[in-house]
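K.L.:
So that we are looking at the same thing, I have put the structure below in structure tokens.
The values are calculated or read from the model by the stated rules, or taken from the named source; none is laboratory data. Since the structure is predicted, the reported quantities are computational estimates derived from the model, not experimental observations. Cβ sites come from the backbone with ideal geometry, for glycine too, and all protein chains shown count toward neighbours.
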Amino acid sequence: MPRYPRRVRAGLAPDTLVDAVDVMPTLLSLAGIAPPKSVQGRDLSGVFAGRAAAGRASLIAGYMPFARQAYDYPEWRGVRSATHTYVETLQGPLHLFDNRQDPFQTTDLINRPALAGLQAGLARQLRSLLAQTGDRLEPREAYWKRYNLDIGDFGQVRYTTASPRAPGG
């Protein structure tokens, strides 16, 4: 809970999800500085001041799984709300959890007919969040190529200071 008596109402504990990208625009706004328009995050200063409604789903993601245990797991994107977590891969829906009834996410509810409407709504929210951030949910190899990463035999990034050499070079 932020503490800033001039801007944040004392004792207020809003039930809202805060993404890492929300921190900078929120702090700037609380300091009286307009966040740059190019910032992806949300200004939540109104929520913490008690002037705006809390809530909203957050984008969660596994962009480029590295290390042996993660390399076998697919790339994924998801949406987490106060009530549910929904995750998709390039192949389609992967997980659906009820965060209130099952906070440790032990029972996967994905593709249950009784929850088809809920799952479809969360999938739409995910599409919207991906569009807002320009995320195309690409295969990990696209990121490796884009960022010129030297990837080892088990999917790990080789951290070297020298440029990779061509075989025999």
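K.L.:
Taking interchain pairs and intrachain pairs at least six residues apart, which have beta carbon atoms under 8 angstrom, with the first residue in the stretch 117-128 and in a helix (DSSP H, G or I) and the second surrounded by 13 or more Cβ atoms within 10 Å (Cβ to Cβ) and of a type in the set (D, E, K, R)?
P.N.:
A123/E88; L126/R77; L126/E88
K.L.:
Still on this structure, I have one more. Please indicate, with yes or no, whether at least one residue in the stretch 133-140 is assigned by TED's automatic domain parsing to the domain that holds Y63, among the aliphatic types (A, V, I, L, M), surrounded by 14 or more Cβ atoms within 10 Å (Cβ to Cβ) and at pLDDT below 95. Let's see the steps before the verdict.
P.N.:
So the first thing to find is which residues in the stretch 133-140 are assigned by TED's automatic domain parsing to the domain that holds Y63, and the list is 133-140.
The next check asks that each one be among the aliphatic types (A, V, I, L, M); those that pass are 137.
Subset that is surrounded by 14 or more Cβ atoms within 10 Å (Cβ to Cβ): 137.
Pick out the ones that are also at pLDDT below 95 and you get 137.
Yes, that holds for at least one residue.
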